[in-house]
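The values are calculated or read from the model by the stated rules, or taken from the named source; none is laboratory data. What you see is a predicted model; the values in this text were computed from it and never measured. All Cβ positions, even for glycine, are placed from backbone atoms using ideal geometry, and neighbour counts span all protein chains on display.
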Amino acid sequence: MVECIAFDADGTLWNGETQFCEAQAQFRRLMQEYLNGSYEDRYLEETERRNIQHYGYGVKSFGLSMIETALELTEGRISPEHIRFLVNLTKEMLAAPVRVLPEVEAVLDELSGDYPLMVITKGDLLDQETRFLRSGLSEYFRSLEVVSAKDPFSYSRILRRHRIRPEVFLMVGNSLRSDIWPVLEIGGQAVYIPSPGAKNEVLPMDDPKLGQYARLEHIGQLPEWLEARLLAA
Ligand SMILES: [Mg+2]
């Protein structure tokens, strides 16, 4: 039985990934100029990884990591104009329109009549709240939960606060590590929907929880899947 459905945001309801890829490409072009073509994307990715413990996830964290990487790789030679360019790039990312994924709105419209819906996302509070409001989807949700990490502890805390039993809680998301495994860990249910065109994080044969969650190709299949479960129960 499902009594409450929660959705991940980035890559599930809307697409934030493209924005990061575009910014990454601009940063790459800038660094190639300074480094005579010897720049590799992994330099920025390594800085981002190191910085998660300081800044968490999100656009602001990404912006600070670009500046730090640029300062390190150019050994301080990067010009103030180019630092300003990176600051502006970060602000543009924060102001960019939210690209809601296909069929999302119709699915939320249908499901919100039958279930309380919530969004559980990680990242920066202000950025995620703004995105949530600008998505035009906020009316379908009872609540928005922004957490710094998606681990079993954060999920348990949210469920306790909303007085939801884990066994009737369903999480829908595009990340096995963030949306699926921790929810199964605390006894909840999960539907994994890989985001279109994204590289998979793990191979199914490495997946310790394979068989414990459903996998759908598209969010449009969710209402039918829920219907079938209701009939089977
Ligand atoms: Mg996601």
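Annotations for the structure displayed:
- Residues (out of contact with any Ser or Thr (no Cβ under 8 Å at 6 or more places or on another chain) and either free of Cβ contacts under 8 Å to residues at least 12 places away in the same chain or within 16 Å of the ligand (Cβ to nearest atom) (or both)) located in region 1-22: I5, A6, F7, G16, T18, Q19, F20, C21, E22
- Some residue of region 23-41 being more than 16 Å from the ligand (Cβ to nearest atom), surrounded by fewer than 18 Cβ atoms within 10 Å (Cβ to Cβ) and within 16 Å of the chain's Cα centre (by Cα): no
- Number of the condition not met by E81 [criteria: (1) in a helix (DSSP H, G or I); (2) in contact (Cβ under 8 Å) with a residue 12 or more places away in the chain]: (2)
- Qualifying residues in region 137-183 (those that are aliphatic (A, V, I, L, M) and farther than 21 Å from G211 by Cβ) - the one surrounded by the most Cβ atoms within 10 Å (Cβ to Cβ): L137
- Checking each residue in region 4-53 for being in the same structural domain as T90 (by TED's automatic domain parsing) and on the phi > 0 side of the Ramachandran plot picks out N36, G37.
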